[in-house]
Amino acid sequence: MHIPAWKRYLSYLVEIHLESASSEYNPHLYVSMRRGRYQLSTAHAVYSFEDLYTNFARAFEQCKLEELPGKEALVLGLGLGSIPYILEKKQGLDFHITAVEIDEVIIDLAYRYTLADLESPIDMICTDAEIFVSSTYQKYDLICMDVFLDDQIPGPFQQIEFLEQLRDLLTPGGLLLFNILALRKADRKKAERFFGQVFKAVFPQGTFIEVEFNWILVNDREMLR
């Protein structure tokens, strides 16, 4: 989507509201321009912020993406498309991306604000990530798990069964990055419990990257620089 240059420059001083939307899954969605980038937010969380979506921007910088066995990537939870954007525009990588997003309104916003400007092939699938993961036979070299409803990860995605399904979708030597909240003390305790009791049960070689207010859980510490 074309934004006048003056608005883009002004966004470095103040956040500029561009659009509000609502859906069955997200009653409050806000698209704004901040620091020259499109940002998608809910009432309590930032879903997407182009290359300043630091959760994955910093995680990618610390991972050996160049050593992945192939170029098939699965993105669970789309936002405005920050993950595909960072992979292409900042990392310079040409992944074939399968994006799974349950919210049709978010998909529409992503196409209008971000995805239309990318060259990476993206297969968009509008469905529940839990259903997709349990039913697909495709294998992926990179899986980015970024499913939130506002600032919460739905319960089914925090179960051992779901993590085992993600593990089975990875190619040998593949990389899983799982985004969880670690903002407040209570969030960190939940993150520690999930990592130690659930994630490590499926990925014994797992570790995590601290990225500001979140943790990115990684299936294999050997995939970090």
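The values are calculated or read from the model by the stated rules, or taken from the named source; none is laboratory data. Because the structure is predicted, anything quoted here is derived from the model rather than measured. With ideal geometry, Cβ positions are generated from the backbone for all residues, glycine too; neighbour counts draw on all protein chains shown. For the accessible areas, the whole protein counts, side chains as well, though only heavy atoms, and no ligand, DNA or RNA atoms are used. Shrake-Rupley method; radii C 1.70, N 1.55, O 1.52, S 1.80 Å.
So the check is Cβ under 7 Å with 6+ separation or different chains; which pairs have a first residue in the stretch 31-46 that's in contact (Cβ under 8 Å) with a residue 60 or more places away in the chain and within 18 Å of A5 (Cβ to Cβ) and a second one that's of a type outside the set (F, W, Y) and part of a strand (DSSP E or B)?
Qualifying pairs under 7 Å: Y38/V31.
Only one of (1) more than 26 Å from D150 (Cα to Cα); (2) out of contact with any Pro (no Cβ under 7 Å at 6 or more places or on another chain) is not met by L175, so which one is it?
Of (1) more than 26 Å from D150 (Cα to Cα); (2) out of contact with any Pro (no Cβ under 7 Å at 6 or more places or on another chain), only one is false for L175: (1).
Just name the residue that is surrounded by the most Cβ atoms within 10 Å (Cβ to Cβ) out of those in the stretch 176-212 that are closer than 18 Å to V46 by Cβ and β-branched (V, I, T).
Within the stretch 176-212, the match that is surrounded by the most Cβ atoms within 10 Å (Cβ to Cβ) is I180.
Could you name every one of the strands (runs of 3 or more DSSP E) located completely within the stretch 1-90 that has at least 1 residues being hydrophobic (A, V, I, L, M, F, W, C) and touching a Ser or Thr at 6+ places or on another chain (Cβ under 8 Å)?
Correct list: 16-21, 29-34, 37-41, 72-76.
Taking the stated definitions as given, is D146 touching a residue at least 24 places away in the same chain (Cβ under 8 Å) and closer than 21 Å to K90 by Cα? Break it down stepwise before answering.
On the way: touching a residue at least 24 places away in the same chain (Cβ under 8 Å): yes; closer than 21 Å to K90 by Cα: yes.
Here the answer is yes, as D146 does meet what is asked.
Are any residues in the stretch 1-46 of a type in the set (S, T, Y), farther than 22 Å from I86 by Cα and open to solvent by less than 60 Å² (accessible area, probe 1.4 Å), and if so, which ones?
Taking the stretch 1-46 and keeping what is of a type in the set (S, T, Y), we get 9, 11-12, 20, 22-23, 25, 30, 32, 38, 41-42.
After this cut, where a residue has to be farther than 22 Å from I86 by Cα as well, the list is 20, 22-23, 25.
Within the stretch 1-46, just S23 meets the criteria.
Condition first: touching a residue at least 24 places away in the same chain (Cβ under 8 Å), over 15 Å from F199 (Cβ atoms) and among the polar types (S, T, N, Q). Can you find one or more residues in the stretch 169-182 that meet it?
So in the stretch 169-182, the residues touching a residue at least 24 places away in the same chain (Cβ under 8 Å) come out as 169-182.
Then keep just the ones that are over 15 Å from F199 (Cβ atoms); that gives 169, 171-174.
Retained after the next criterion (residues that are among the polar types (S, T, N, Q)): 171.
Yes: one or more hits.
From (1) over 26 Å from A43 (Cβ atoms); (2) open to solvent by less than 40 Å² (accessible area, probe 1.4 Å), pick out the condition that doesn't hold for G173.
(2)
Could you tell me whether any residue of the stretch 127-140 is more than 15 Å from T171 (Cβ to Cβ), open to solvent by 20 Å² or more (accessible area, probe 1.4 Å), outside any helix (DSSP H, G or I) and of a type outside the set (S, T, N, Q)?
Within the stretch 127-140, one or more residues are more than 15 Å from T171 (Cβ to Cβ), open to solvent by 20 Å² or more (accessible area, probe 1.4 Å), outside any helix (DSSP H, G or I) and of a type outside the set (S, T, N, Q).
I'd like to verify a number: residues in the stretch 56-106 that are open to solvent by 10 Å² or more (accessible area, probe 1.4 Å) and more than 22 Å from V133 (Cα to Cα), how many?
Residues meeting the conditions: 15.
How about the stretch 216-225: which of its residues are open to solvent by 10 Å² or more (accessible area, probe 1.4 Å), more than 16 Å from P172 (Cβ to Cβ) and either part of a strand (DSSP E or B) or free of Cβ contacts under 8 Å to residues at least 24 places away in the same chain (or both)?
Within the stretch 216-225, R221, L224 meet the criteria.
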